[in-house]
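Below you'll find the structure, written out as structure tokens, and then a few comments.
The values are calculated or read from the model by the stated rules, or taken from the named source; none is laboratory data. On a predicted model such as this, the values are computed, not experimentally measured, just so you know. Methodologically, a virtual Cβ is constructed for each residue, glycine included, from the backbone with ideal geometry; neighbour enumeration extends over all protein chains shown.
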Amino acid sequence: MKIIVLGAGQVGATIVEALHDDHDVTVVDVDAGRLETLSYRFDVRTVTGNGATRRVLQDAGIAEADLMIACTSRDEINLVAATLVKKLSDTQTIVRTSNPEYMEAWQERQIDVDFMVSSELETAHAVSRTIGVPAAKQTDVFADGQVQIVEFDVPSRGGDEAAGVPLTRAAERAATRPPAAGFDGVVGLPLREAAVPAESKVASIIRGDRVIVPRGDQSIMPGDRIIVIGSPDAARAWSRIMARGERLVDDVVVFGAGATGLAIAKVLVEQRIRVRLVEPREERAEEVAEELPEARVYRATGVDPDFIERERIGQARAAVFAMRDDAKNLYAATLAKVHGIGFTIGIVHEPISIPIFERAGIDVAVNPRSVTAEEIVRFAHDPRIRQLAMLEGDRFEILDITVRETSKLVRRPFKELPMTGSLIGAIVRDGRAIFPHGEDRLEPGDRAIIFTESSRVSEVEKAL
């Protein structure tokens, strides 16, 4: 497929990294330095110039392109470019936006682009999924919510770190609690003997720099990071095991009521979670209070200890830090933990901030640009792929792909399928999710939910 990517920022770079091996990619940006960096790292063609002009789009080869992804940080540039593309060619268009009004207009078919992605909405959904499974480092849902992919850090037993993997502060706290029923029945035992929650499979065990295929004789050890595929009930069961029985989150404080913070608050309110918003700008606080009357809005900085004590912020089950500055989010999250917040999610705007947040004890870091790129990338894969998620810095992917009649894997028992390092965690048949066992078989038309290394996606597509 010939793909033109407009924008060489973080979203564009993530998209290029995911697509350059299997597609003919051209990147357009006004910043020659960014383009030079991308062309040095990846085998891609670059065009320097304003992609919202006819000449630059033609220079990029829009007439022969199959897909144009407009993912700059400026909505208007993306929309103008997509509109021009529609006039100049039959190329499909994907537009990134941060304006909810543009998203609504597209949903009402008032904007002529093929697909539109909102960074704020994608971030809000990522946060809400994590709050639903509070021990998770990352989670995503497939098959209309019937299948959940969850990534966990396994707590240490009293500080025993396996293979030198640094533990999050949440895992350290969990290690000091009395073990809940289930932890010792899962961790440290061969998987064939472990009390693994029903309707779930361990897709991968990550121990330091090693990736371990989870066969029956392998064990989950303290300090590991694991990836699980299962039903939503199974995901919650795993969360209780890893968090040593902590109850679910039903009370959240959101720091920062900008576009991202407001989107997060709206999604949580829709899930009937009690939400409090903290916003320092008086005018913005008033606007948000009027737009979202179900939430309580405070006009405060969020870093005033007296305010935190007076309003009992520390009694909330979780807090999300969605201010525009990573340093402010990190400081506010650390202060909130000191005052008793048990579960923290930081919105990070620079990739370098993610390991810093994790080392500082912030439980989950969500990068809006990464979750936006993930949603966009799936459109450039095999058209049979209904959904895609990327894990561990794009090292692994989860695919929801429809099985062809001609696949050599159909009608063979799962126990006879070749061991390739990829794992079919679930299949969707007639709209219902099935978590297969050894005697189950793939049928043509099934949707297979597959965990695989990103480098092997094209092989998986061919096999199915």
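Quick look at the values:
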| quantity | calculated |
| --- | --- |
| Pairs, first within 17 Å of Thr260 (Cα to Cα) and assigned by TED's automatic domain parsing to the domain that holds Leu330 in segment 348-360, second among the aromatic types (Phe, Trp, Tyr) and surrounded by 16 or more Cβ atoms within 10 Å (Cβ to Cβ), C-beta under 9 Å, six or more apart | Val348/Phe357 |
| Hits in segment 229-243 (condition: in a loop (DSSP other than H, G, I, E, B) and hydroxyl-bearing (Ser, Thr, Tyr)) | Ser231 |
| Residues of segment 274-293 satisfying the condition of being acidic (Asp, Glu) and within 13 Å of Val253 (Cα to Cα) | Glu279 |
| Qualifying position, being crowded, with 22+ Cβ neighbours inside 10 Å and polar (S, T, N, Q), among Thr53, Thr123, Thr48 | Thr123 |
| Search result, residues across segment 134-172 that are of a type outside the set (A, V, I, L, M), modelled with pLDDT under 50 and surrounded by 19 or more Cβ atoms within 10 Å (Cβ to Cβ) | Thr168 |
| Unique residue being touching an Asp or Glu at 6+ places or on another chain (Cβ under 9 Å), modelled with pLDDT under 85 and over 18 Å from Thr14 (Cα atoms) when the list is Arg429, Arg386 | Arg386 |
| Which listed residue is among the basic types (Lys, Arg), more than 27 Å from Ile206 (Cα to Cα) and at pLDDT below 90, from Arg324, Arg412 | Arg412 |
| Restricting segment 312-331 to residues that are closer than 22 Å to Ser128 by Cβ and of a type in the set (Lys, Arg), the residue that is surrounded by the most Cβ atoms within 10 Å (Cβ to Cβ) | Arg317 |
| Segments classed as helices (runs of 4 or more DSSP H), wholly inside segment 51-158, with at least 2 members that are charged (D, E, K, R) and closer than 30 Å to Ala319 by Cα | 100-107, 119-132 |
| So Gly438, is it small (Gly, Ala, Ser) and modelled with pLDDT under 90 | yes |
| Sole residue being in contact with a helix residue (DSSP H, G or I) (Cβ under 9 Å, 6 or more places away or on another chain) and farther than 27 Å from Ser455 by Cα, chosen from Ala32, Ala52 | Ala52 |
| Identity of the residue in segment 397-411, in contact with an Asp or Glu (Cβ under 8 Å, 6 or more places away or on another chain) and assigned to a loop (DSSP other than H, G, I, E, B), that ends up surrounded by the fewest Cβ atoms within 10 Å (Cβ to Cβ) | Arg411 |
| Flag for Gly340 being more than 29 Å from Gly145 (Cβ to Cβ), touching a Gly at 6+ places or on another chain (Cβ under 8 Å), in the same structural domain as Pro305 (by TED's automatic domain parsing) and outside any helix (DSSP H, G or I) | yes |
| Residues (closer than 17 Å to Thr130 by Cα and not in a strand (DSSP E or B)) located in segment 263-288 | Ala263, Ile264, Ala265, Lys266, Val267, Leu268, Val269, Glu270, Gln271, Arg272, Ile273 |
| Complete set of residues in segment 320-337 that are assigned to a helix (DSSP H, G or I) and aliphatic (A, V, I, L, M) | Ala327, Leu330, Ala332, Ala333, Leu335, Ala336 |
| Criterion: under 23 Å from Asp144 (Cβ atoms), surrounded by 15 or more Cβ atoms within 10 Å (Cβ to Cβ) and not small (Gly, Ala, Ser) - qualifying residue of Val348, Val366 | Val366 |
| Subset of segment 189-228 that is of a type in the set (Gly, Ala, Ser) and in a loop (DSSP other than H, G, I, E, B) - its residue that is surrounded by the fewest Cβ atoms within 10 Å (Cβ to Cβ) | Gly216 |
| Those strands (runs of 3 or more DSSP E) lying entirely in segment 412-464 with at least 2 residues under 21 Å from the mean Cα position of the chain (by Cα), exposed (fewer than 13 other Cβ atoms within 10 Å of the Cβ) and aromatic (Phe, Trp, Tyr) | none |
| Residue check for Ala82: farther than 30 Å from Ile345 by Cβ, touching a strand residue (DSSP E or B) at 6+ places or on another chain (Cβ under 8 Å) and modelled with pLDDT of 85 or more | yes |
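So that you can scan it fast, the table gives a plain yes or no per residue for (1) closer than 26 Å to Thr402 by Cβ; (2) surrounded by fewer than 22 Cβ atoms within 10 Å (Cβ to Cβ); (3) modelled with pLDDT of 90 or more:
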residue	(1), (2), (3)
Ala63	no, yes, yes
Ala70	no, no, yes
Asp75	no, yes, yes
Ile94	yes, no, yes
Asp112	no, yes, no
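Yes or no, residue by residue, for (1) touching a residue at least 60 places away in the same chain (Cβ under 8 Å); (2) farther than 27 Å from Ile226 by Cα; (3) not acidic (Asp, Glu):
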residue	(1), (2), (3)
Pro100	yes, yes, yes
Ala105	no, yes, yes
Gln110	no, yes, yes
Glu120	yes, yes, no
His125	yes, no, yes
Ser128	yes, no, yes
Ile131	yes, no, yes
Pro134	yes, no, yes
